Amino acid sequence: MTVDGYIVKIKNRIVLTGQFGSDVTAIAPYLAQFNVSQVQFFANAVNTTNTGLDMVLDYNKRWGRNNLKISLAGNLQNITLIISAYLLRLMIVTCTNRHFTAQESNIS
């Protein structure tokens with residue numbers, strides 16, 4: 001049996017924002033100028049801390065020329081997401097929470 005624990009901290013993690021359209025007044029003139037309907041950005045927007053535990057249990061049994069091997073593996077994991085001060089200010093200015101895709105919004 002093996003058990004491994006880990007803590008991984010990432011500062012300024014790069015994430016893909018949600019899509020912004022002409023309804024965001026701060027960028028509407030630029031979208032019109034370049035005939036673009038929506039934009040999306042990569043941003044160094046969040047800090048994350050991943051903590052977890054990996055477990056593996058192996059069992060081997062030999063009967064003459066036959067061999068039985070059973071393995072059981074599992075992982076427990078928690079991800080903490082902290083929004084950067086820059087992103088928080090941007091969300092307040094644009095009055096939107098579209099900086100995260102649906103998948104990223106579900107991280108807790």
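Before moving on, here are some points about what is shown:
- Extreme residue, surrounded by the most Cβ atoms within 10 Å (Cβ to Cβ), among residues of the stretch 15-53 that are aromatic (Phe, Trp, Tyr) and within 26 Å of Thr80 (Cα to Cα): Phe20
- Residues that are assigned to a strand (DSSP E or B) and not small (Gly, Ala, Ser) were ranked within the stretch 28-47; the one that is farthest from the chain's Cα centre (by Cα) is Gln38.
- Residue, farthest from Phe41 (Cα to Cα), within the stretch 2-27, restricted to residues that are part of a loop (DSSP other than H, G, I, E, B) and of a type in the set (Val, Ile, Thr): Thr25
- Among residues of the stretch 31-47 that are under 13 Å from Gly21 (Cα atoms), those with a beta-carbon under 6 Å from a residue that is surrounded by 12 or more Cβ atoms within 10 Å (Cβ to Cβ) and of a type in the set (Ser, Thr, Tyr) at least six positions away or on a different chain give the pairs Leu31/Ser22; Gln40/Thr17; Phe41/Thr17.
For every residue, the table says whether it meets (1) under 18 Å from the mean Cα position of the chain (by Cα); (2) touching a residue at least 40 places away in the same chain (Cβ under 8 Å).
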| site | (1), (2) |
| --- | --- |
| Asn50 | yes, yes |
| Val56 | no, yes |
| Lys61 | no, no |
| Gly64 | no, no |
| Ile70 | no, no |
| Gly74 | no, no |
| Gln77 | yes, no |
| Ile83 | yes, no |
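- Every residue from the stretch 14-32 that is of a type in the set (D, E, K, R) and modelled with pLDDT of 85 or more: none
- Among the residues making up the stretch 15-43, those that are out of contact with any Phe, Trp or Tyr (no Cβ under 8 Å at 6 or more places or on another chain) and of a type in the set (S, T, N, Q) are Gln19, Ser22, Thr25, Gln33, Asn35, Ser37.
- Checked against the criterion of being modelled with pLDDT under 85, of a type in the set (Phe, Trp, Tyr) and in contact with a strand residue (DSSP E or B) (Cβ under 6 Å, 6 or more places away or on another chain), the stretch 57-75 has no qualifying residue.
The values are calculated or read from the model by the stated rules, or taken from the named source; none is laboratory data. The model shown is predicted, which means the values in this text are computed figures rather than measured ones. Because the Cβ atoms are built from the backbone with ideal geometry, glycine has one as well, and the counts that use them run over all protein chains shown.
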